[in-house]
1. With charges only on Cβ, +1 for K and R and -1 for D and E, what is the dipole size of region 91-187 about its Cα centre, in debye, rounded to 20?
2. Along the charge dipole of the chain, which of Phe57, Ser18, Ala243 sits closest to the positive end, that is, farthest toward it, with unit charges on the beta carbon of Lys, Arg, Asp and Glu (+1, +1, -1, -1)?
3. Please report Asp171, Asp207 as a ranked list, fewest other C-beta atoms within 10 angstrom at the top and most at the bottom.
4. Quick check: the distance between the Cα centres of region 288-339 and region 178-223, to the nearest angstrom?
5. Taking every pair of Cα atoms in region 79-165, average 1/r, invert it to obtain the Kirkwood radius, and report Rg/Rh to two decimals.
6. Please give the charge dipole size of the chain, origin at the Cα centre, charges +1 on K and R Cβ atoms and -1 on D and E Cβ atoms. Round to the nearest 20 debye.
7. Given only helices, namely DSSP H runs of n ≥ 4 each adding -39500 (n - 2.57), what is the per-residue ellipticity at 222 nm of the chain, to the nearest 500 deg cm²/dmol?
8. Within straight cross-link reach of Lys60, meaning Cα distance under 27 Å, which lysines are found once same-chain residues fewer than 8 apart are removed?
Amino acid sequence: MLMRMKTKKTLILETDASGFSAAGEIIRRGGLVVFPTETVYGLGANAFDAAACAKIFEAKGRPQDNPLIVHTAQVFSLARLASVIETRAAALIKAFMPGPITLILPKTQDIPAAVTAGLPTVGLRVPSDSAAQQFLQAAGVPVAAPSANVSGRPSPTTFDMARAAMDGRADAIIRGGDSRVGLESTIVRITEGGLEILRPGGVSEEDIRAAIRGCPVYGAGSLCPGDTPPAPGMKYTHYKPQAEVVLFQGGKWNPRIAGAGGKTGVLTLTEKHAAFPRNFLVREMPSLEEYARRLYAEFFLFDSLGCERIFAEYPPEEGLGRAVANRLLKASGGNFFHR
Ligand code: AMP
Ligand code: MG
């Protein structure tokens with residue numbers, strides 16, 4: 001797909017009353033606003049305005065068959081967007097919204113096909129971030145928004161990343177803080193057979209199992225038996241920095257692999273700086289939460305320093321580790337370091 005030239009004059013808006021009011025006005029007039037959330041920065045348009053939503057695909061170079069998530073400030077606004085909210089959906093809403101979760105529900109006719117890529121369902125999210133809340137309230141309409149990155153690249157989790165990606169493509173960018181979670185929302189689909197986690201995120205599989213007892217929960221990648229892939233968009237590669245990403249297992253690191261030249265970055269959970277050659281740029285992640293929060297910002301840093309390779313430690317696949325592991329597998333194309 002042809003990428004639109006970066007030609008727009010992009011306003012920078014502050015997180016104050018006049019900034020939110022200007023952002024709301026731009027949305028109601030059919031424009032594009034980049035806004036902070038607790039997961040990642042989003043590129044938003046009025047979800048009821050098909051022409052405005054079409055501009056999102058153009059600005060990102062996003063394939064038309066990859067649906068958008070619709071955001072509202074209030075849980076009660078979901079009733080106008082979902083035609084059915086059955087008991088398990090209501091329980092998830094009660095347990096996790098506002099927060100870093102997206103529910104796939106049957107859509108109402110108010111939502112144009114441009115938002116859902118023609119699917120009969122819609123992804124719905126109520127962010128908890130205070131700036132996101134104030135922006136959505138100022139907009140006064142539901143806001144369709146994917147992450148504010150150019151398609152295929154890592155999502156922005158800081159204002160600087162959002163500006164680097166969307167300056168000249170969006171009408172305005174809200175100068176918010178760093179995203180608290182740092183990875184995209186957990187996406188959950190509700191089917192007759194149980195709950196399916198289509199994408200792991202800030203709300204973990206364990207959290208969901210604890211909240212919804214007595215209902216099978218299928219982890220990311222394991223569809224209910226007989227299901228077809230839920231969204232065509234899921235086939236696309238995501239989250240790739242410019243540098244090549246190579247994964248390694250903690251404790252199995254071999255410093256001699258360093259050998260090859262070129263600027264190299266490292267993200268590590270369990271190893272220390274001293275385990276790596278001195279010319280490597282090593283970033284220690286003190287916890288899984290920090291790894292999630294900083295992952296994309298570290299990719300951005302390594303890219304801006306001209307790194308050619310990033311060695312990233314593969315985290316344990318539990319809790320938030322599943323979400324980090326999922327993004328690392330996509331960023332690396334499953335490329336593991338072997339001795
Ligand atoms: P992004 O907002 O960029 O993280 O992308 C949104 C993702 O949500 C899409 O790539 C889909 O995988 C998923 N999604 C959105 N709407 C639906 C839907 N109706 N059914 C299934 N998945 C969806
Ligand atoms: Mg995205």
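1. Charge dipole, region 91-187, about its Cα centre: 140 debye, nearest 20.
2. It is Ala243.
3. Details: Asp171 23, Asp207 17.
Placing the least packed residue first, the sequence is Asp207, Asp171.
4. Cα centroid of region 288-339 versus Cα centroid of region 178-223: 21 Å apart.
5. My calculation of the ratio gives 0.99.
6. Its charge dipole is roughly 680 debye.
7. Working: 9 runs with 92 residues, N = 339.
Mean residue ellipticity at 222 nm (helix-derived): -8000 deg cm²/dmol.
8. Partners found: Lys6, Lys8, Lys9, Lys107, Lys235, Lys240, Lys330.
Every read-out reported here was derived from the displayed coordinates using simple, explicitly stated rules and does not represent laboratory data. As the structure is a prediction and not an experimental result, all values here were calculated from the model. With ideal geometry, Cβ positions are generated from the backbone for all residues, glycine too; neighbour counts draw on all protein chains shown.
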